[in-house]
């Protein structure tokens, strides 16, 4: 695709970026899906991955929404085929839901009652919550430093679909600009990330089922070979953009269970060996 700067100059390029960012913010606020044809017709598709990441940065800047964490997209061959991606990408996560664990050691399913402008797909993932922040230093963070900064590892269900009328047919750079199509993250109970567990996450089996029927399965090895390798990629990718990870933020590392549908009235449950499970009930919109 031709870089818009050839036609608009730098100031025009900035305005196009901010226009797309404003549309993505409004889409989230209004619960409305954006027409891809209109966006492409207005030449709002980012010219490259750097520009796409910058749109995500501008959405965060203009919206002022607290960033709860990050997602990594296309860490599995399955996801890369679906989106025609050559490798992983990053996106901000603004909504993280957790089950109520106050009354039982076995958490109740998280209830989702809202409607979605774009029908979501569900992905079963390994997620990590940081106990300490990591700032850009000019040098890559090694695996040991990243693992040391993590407090807990979780089973997590990511809702993906984003803000466009089409998800799987959208240009990849528009998906990256739209926080990697993240809608929300449902985070299961965490397990302390001790060194021995961190080393063997790639061998842990992950299974997603909907209403008791298995809809996808895999292991940590499906996530860039190892979920910790994906996490290290994300930390260093963000550092290259001058962005750090804050204590308390969560990073979810991409699907280990392919993708699943969750019709209204159904329950999805992700189980990851050694880590436990997390479940979501999707109910009809009330009121």
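Only the coordinates and a few stated rules stand behind these numbers; no lab work does. Quick caveat, the model's predicted, so the values are computed rather than measured. Cβ: placed from backbone, ideal geometry, glycine included. Neighbour counts: every protein chain shown.
Here are some notes:
- Set of segment 29-47 residues, backbone N closer than 15 Å to the point 7 Å along the Cα-Cβ line of residue 19: 35-47
- Taking 33, 132, 86 as the candidate residues, the one with maximal mean-square fluctuation in a Gaussian network model of the chain, Cα springs under 10 Å, is 86.
- The label point for residue 148 and the one for residue 57, both projected 7 Å from the Cα toward the Cβ, are 2.9 nm apart.
- Taking the chain as a Gaussian network of alpha-carbon nodes connected by springs under 10 Å, the highest mean-square fluctuation of the residues 192, 88, 46 belongs to 192.
- Percentage relative contact order, segment 122-175, counting C-alpha pairs under 8 Å, at least six apart: 46 percent
- Over the Cα atoms of segment 30-96, the radius of gyration divided by the Kirkwood radius equals 0.99; this is the Rg/Rh ratio.
- All-pairs alpha carbon distance profile, segment 66-282, 10 Å steps from 0, percent: 9, 38, 39, 14, 1
- Directionally averaged shadow of segment 125-207, computed from the convex hull of its alpha-carbon atoms, nm²: 7.3 nm²
- Relative contact order for segment 147-287, counting Cα pairs under 8 Å that sit 6 or more residues apart, in percent: 27 percent
- Taking the chain as a Gaussian network of alpha-carbon nodes connected by springs under 10 Å, the highest mean-square fluctuation of the residues 247, 206, 230 belongs to 247.
- Relative to the dominant Cα principal axis of the chain, helix 49-63 is inclined by about 80°.
- Sequence-separation-based contact order of the chain, relative, with Cα cut under 8 Å and 6+ spacing, percent: 25 percent
- Packing around the peptides 136-145, 14-23, taken as the average count of other Cβ atoms within 10 Å per residue, puts them in this order, highest first: 14-23, 136-145.
- Packing here is the average count of other Cβ atoms within 10 Å per residue, and on that basis the peptides 177-186, 274-283, highest first, run 177-186, 274-283.
- Ranked by how many other beta carbons lie within 10 Å on average, peptides 249-257, 193-201, 48-56 from highest: 249-257, 48-56, 193-201
- Cα gyration tensor, segment 60-174 - rounded (a/c under 1.5), prolate or oblate: oblate
- Cα gyration tensor, segment 206-251 - rounded (a/c under 1.5), prolate or oblate: prolate
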